[in-house]
1. Name every residue in segment 5-37 that is at pLDDT 90 or above and over 14 Å from the mean Cα position of the chain (by Cα), in order of residue number.
2. Between a first residue in segment 23-46 that is acidic (Asp, Glu) and a second residue that is surrounded by 12 or more Cβ atoms within 10 Å (Cβ to Cβ), which pairs have beta carbons less than 8 Å apart while being 6 or more apart in sequence or on different chains?
3. I want to confirm something. Restricting to segment 31-61 and keeping residues that are over 21 Å from Thr72 (Cβ atoms) and small (Gly, Ala, Ser), which single residue is surrounded by the most Cβ atoms within 10 Å (Cβ to Cβ)?
4. Can you tell me how many residues within segment 38-73 are within 16 Å of Pro18 (Cβ to Cβ) and either among the hydroxyl-bearing types (Ser, Thr, Tyr) or over 21 Å from the mean Cα position of the chain (by Cα) (or both)?
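The values are calculated or read from the model by the stated rules, or taken from the named source; none is laboratory data. The structure presented is a predicted model; accordingly, all values stated were derived computationally and were not measured. Counting neighbours? That spans all protein chains shown, and the Cβs are built from the backbone with ideal geometry, glycine included.
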Amino acid sequence: MIWVFSLTDTLDSNLHFPERRLIELRIEHGDLDAMIDLASRETPLDQLLMRRLKKRRLALRDEIARIERTLTPDEPA
């Protein structure tokens, strides 16, 4: 049997690594920080938009922490 792997298959499989997901989440978290800073300068302040952005940023932070816990081995007591 002959197995043929393409570069696309390799790249697609790398998309599912936790380290890759962690990088993507950190980028999105940074983008949200910038959006929140920008939105907070606007007058009048859109409270609904701010709540949604902050809620999403908090969810990202929680997911980042969850992935970091899975990647960091427990220290022996």
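1. Our first condition is that a residue be at pLDDT 90 or above; within segment 5-37, this holds for 17-37.
Hits for segment 5-37 are Ala34, Met35, Ile36, Asp37.
2. Final answer for the pair search is Glu28/Leu60; Asp33/Arg57; Asp46/Ala39.
3. Per the stated criteria, the residue is Ala39.
4. Final tally of qualifying residues: 2.
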